[in-house]
Each structure stands twice: as structure tokens, then as C-alpha cells.
Amino acid sequence: MGISKKAQRKVQKGKPQQEDQPVNWLKFTGLLIVAIAVYGYFGLPKGLLNRTIDSTQDIDQSWSFSCSPDTSKVPKCSPRTCGRRVVDGLFTSTEIEALKNLTDATMQYGGGSAGPTIYDVHSGALTKGNQFIDIYQSLKAQDMSSPVQQHHIKLIKDMTTRLRSTIEKEYDVKNLVLTKPTFFSRIQASKSDAANPNDEYWHYHIDKKQYGSFDYTSLIYLNTAGEDFTGGEFEFEATNGPLFVHPKAGRAVMFTSGDENIHRVNKVTSGTRYAFTVAFTCTQSDGITAAEFMNRAAW
């Protein structure tokens, strides 16, 4: 191979031809790592670099980002900055076991035909087959005692108060009130395929649009992925990739309920998954008091 005409002209003008310089791969790799790190830190919501939170670790981690445009604007109550938080240690193992036992004691009178069974503590709605029944009315009609006792009422009141205080501190807001539905869920992998759209729990959704009154959502897990079931990860959707939270007994997930926190529960592939969903609102007319919350549950 000869020298190109362009190179020949440079030689003729007294400019010696320069050989191709080898790429400094060490320098290139270093710059690439820095670029990825900078993008990862500034291009994602704070803390989102850890995209999977498994059930073997203890964690208290928050993410902050902009709220969706349709976020409610109630002074001192609506979030100025939206986000999510995953925290272990907010509840004791004794409290969690008591809630799980209450769930089983109530759901023995129902049970969905497919995977999920829902029990709404406030209304008494309980999945039975392909529909909901009023478990409180049903048990009263049969002159049976309620599975909800006074110590359950106190426990739920204490735990929901703790959640409210934690959320208010996290987002620097106040005047949150409990709203409905506030419900237990049990998802069994051994059940048949979805019998109706309500059984398809694995679709993405937005709590504010699905429930209306939700401004802040919280979840308390009552058992642990990898020990009691497989699958069932809680997944936040994000443009830069999803964040997966593996349930762990006592773990709480709290987040603002608008478009900024699209999420879903992945399919449970074996075992049974338990959770308790508690939500708060800034609209006083959508709230329920602790007394009203358990008004029909215990007799």
C-alpha cells in the first residue's frame, strides 16, 4: 500500500506524515465510567441506581422527584416534591403476625376463585368466588362473632397513625386523614387463572386514578418473598428502568399516589403473598375517622 496523494502533498510541503495514533483505551474507559456515573446520578430520581431491593436486606431509602401536573394542591397537605420510600423496622414482628392472623381469620369465610382475595376492613367487603360479600353483615345474620376484636382495632389504629406520621414527616406536610379502601390482600399462586378483570392484579395502574381519594399510598407486607412465596415483586415503572421491591414481613412502602408512581404487582408464581394497603387523603370529606374505620368491624 502506497502513501495517499494527500499525504504525498504534505510531505512535499515539508510536513511529515503522522502515523495513526493508538486509542488510549484506559483513558477512554475511565471517561466512560465517569459519564455513566454522572448520568446515573443526575439523570435518575435520587436513589434509583439501586433498582432491586430484595427481601434479605434491611433498608430505609427514599427517592424524590417532580410531581405529575394533576397532583392535588391542598395547602400544607399536598406534596411539593413527590417520591417514594421503602423502610424496614417500622413495625414489630408481633404486630405483623397479628395482622396476618386477622387476615386468615376473616378470609376463611370467603376466598376468590382466582389468585387474589381482598378484605376491606372499613366496609367489610370480602372476595368470595367471583364477587364480593359483606362479611360483617353475613356473620351477624348467622349470629356469629366478628373475627375483628378490640385489640385488632387498637393495633390497626396504632399502625395507621405511625404510617401517617412517617409520611407527613417524609414530605413535610400535615393534616393527612385516613381514606378508603383500606384493605388486606392475599394472592395465592395455586389458584386458577383470572376469572374476571378484577383478578388481573398484575397490570400497571395509578392509585389516584384507580381509587380517586388516594393522595399518599402505603403498603405493609405481612410475609416474605423467597421464604413464603416467589414472584409477587412490587414494581415501579420508570423511563430509565423499573424499580423492584421484594416484599418482606414488616417492610413498608410509601409513595405519592399520582402519575409519577405508576406501579404493579408481578405475578405470584408459588406460595401465598400477604399485604395490607393503607391510604391517606388531603380531602377531608374523603377521610374516615378511626372510630368510623372500625365501626362495623367489631361487635
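Largest first and in whole Å, what are the equivalent-ellipsoid semi-axes of the range 108-187 based on the Cα gyration tensor, each being the root of 5 times an eigenvalue?
29, 16, 10
Charges at C-beta only: +1 for Lys and Arg, -1 for Asp and Glu. How large is the resulting dipole of the range 186-299 about its Cα centre, in Debye rounded to 20?
Here the size comes out at about 300 debye.
What nm value, rounded to one decimal, do you get for the distance between TYR204 and LYS169 when each label is placed 7 Å out toward the C-beta?
3.4
Hey, what's the Cα Rg ratio for the range 230-299 versus the globular rule of thumb, 2.2 N^0.38 Å? Show your work: numbers first, answer last.
Details: Rg = 15.7 Å, N = 70, 2.2 N^0.38 = 11.1 Å.
Compactness ratio reported: 1.42.
Kindly state, to the nearest 0.05, the FRET efficiency for TYR109 paired with PHE244, given R0 = 22 Å and r defined as their beta-carbon distance.
0.05
Students often check this: by mean Cβ neighbours within 10 Å, which of 268-275, 236-243 ranks highest, and how do the rest follow? Could you put the intermediate results ahead of the total?
Numbers: 268-275: 19.5, 236-243: 15.4.
Those peptides, ordered most packed to least, come out 268-275, 236-243.
Net charge around ASP120, counting only other residues with Cβ within less than 14 Å of its Cβ (Lys, Arg = +1; Asp, Glu = -1)? Don't jump to the answer; show the numbers that get you there.
Values: positive: LYS128, LYS180, ARG186, ARG296; negative: ASP134, GLU292.
So the environment of ASP120 carries a net charge of +2.
Which residues among the range 265-295 fall inside the zone where the amide N is under 17 Å from a point 7 Å beyond the Cα of LYS76, along Cα→Cβ?
Counting only backbone N, you get 281-285.
Can you give the Kirkwood hydrodynamic radius of the range 180-226 from its Cα pairs, in Å with one decimal? Numbers along the way, then the final one.
Details: mean 1/r = 0.0762 Å⁻¹.
Hydrodynamic radius (Kirkwood, Cα only) of the range 180-226 equals 13.1 Å.
Can you give the FRET efficiency to the nearest 0.05 for ALA298 and SER270, using r as the Cβ-Cβ distance and R₀ = 30 Å? Display every interim value, and only then the final one.
Numbers: r = 35 Å, r/R0 = 1.16.
FRET efficiency, ALA298 to SER270: 0.30.
Estimate the FRET efficiency between SER285 and ASP134 by the formula 1/(1 + (r/R0)^6), using the beta-carbon distance for r and 35 Å for R0, to the nearest 0.05.
In this case the efficiency is close to 0.90.
Over the range 212-299, what is the relative contact order in percent, taking alpha-carbon pairs closer than 8 angstrom and at least six residues apart?
Computed value for the range 212-299: 41 percent relative contact order.
Values quoted throughout were computed directly from the atomic coordinates according to the rules given, and no laboratory measurement underlies them. The shown structure was predicted, so the numbers you read here are calculated from the model rather than taken from an experiment. Quick reminder, even Gly has a Cβ in these numbers, built from the backbone with ideal geometry, and neighbours come from all protein chains shown.
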